[in-house]
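What follows is a set of notes on a single structure, which appears directly below.
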Amino acid sequence: MPGSTNTPIQTVYAHLEPNIRYTHWLGILLIAFAGCAFAADDSPFTCKPDGNQQEMNTCAQRDYRAADAALNIKYGEVMAKMPVEGQATLRKAQRAWLKQRDLQCKAKTRASEGGSIWALEYFSCLQASTDKRTKELARF
């Protein structure tokens, strides 16, 4: 536009629907977060499913992180398709689900807390619950 001070990117984004802009930036943030999460793994152990306890714990943590990344992607996709009112409702439900999931997994693994198997049990619980929630969101 003549006399416009918008950059080319601002001009393109001005014509996109808000949900598309939201999805675009959410995708970038999720990719950046996933990269940071995997890079932040400072465990001296490698994942070995049939290895020692620390190696199995590392696998469980890795598997949970992958499940969490998949959930975040699905959540972003569902949010992008919903009207604003539905987004607020889903956001509230998702936050409540996260709190409940964490409390349930902590309660479920309380007996092994402080032991070497705790991480395997805890992250396996988080992964199973997260995978289930991802499937639930896929129905939207």
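The values are calculated or read from the model by the stated rules, or taken from the named source; none is laboratory data. Model, not experiment: these values are computed from the prediction. With ideal geometry, Cβ positions are generated from the backbone for all residues, glycine too; neighbour counts draw on all protein chains shown.
Summary of computed values
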{"item": "Residue that is surrounded by the fewest Cβ atoms within 10 Å (Cβ to Cβ) [pool: residues in segment 70-88 that are in contact (Cβ under 8 Å) with a residue 60 or more places away in the chain and small (Gly, Ala, Ser)]", "result": "70"}
{"item": "Only one of 95, 91 that is surrounded by fewer than 18 Cβ atoms within 10 Å (Cβ to Cβ) and within 13 Å of the chain's Cα centre (by Cα)", "result": "95"}
{"item": "Residue list for segment 98-123, restricted to those being under 15 Å from the mean Cα position of the chain (by Cα) and touching a residue at least 40 places away in the same chain (Cβ under 8 Å)", "result": "123"}
{"item": "Where residue 126 falls short, out of the listed (1) part of a helix (DSSP H, G or I); (2) modelled with pLDDT of 95 or more; (3) out of contact with any Phe, Trp or Tyr (no Cβ under 9 Å at 6 or more places or on another chain)", "result": "(3)"}
{"item": "Verdict on residue 112 being at pLDDT 95 or above, surrounded by 14 or more Cβ atoms within 10 Å (Cβ to Cβ) and in contact with an Asp or Glu (Cβ under 7 Å, 6 or more places away or on another chain)", "result": "yes"}
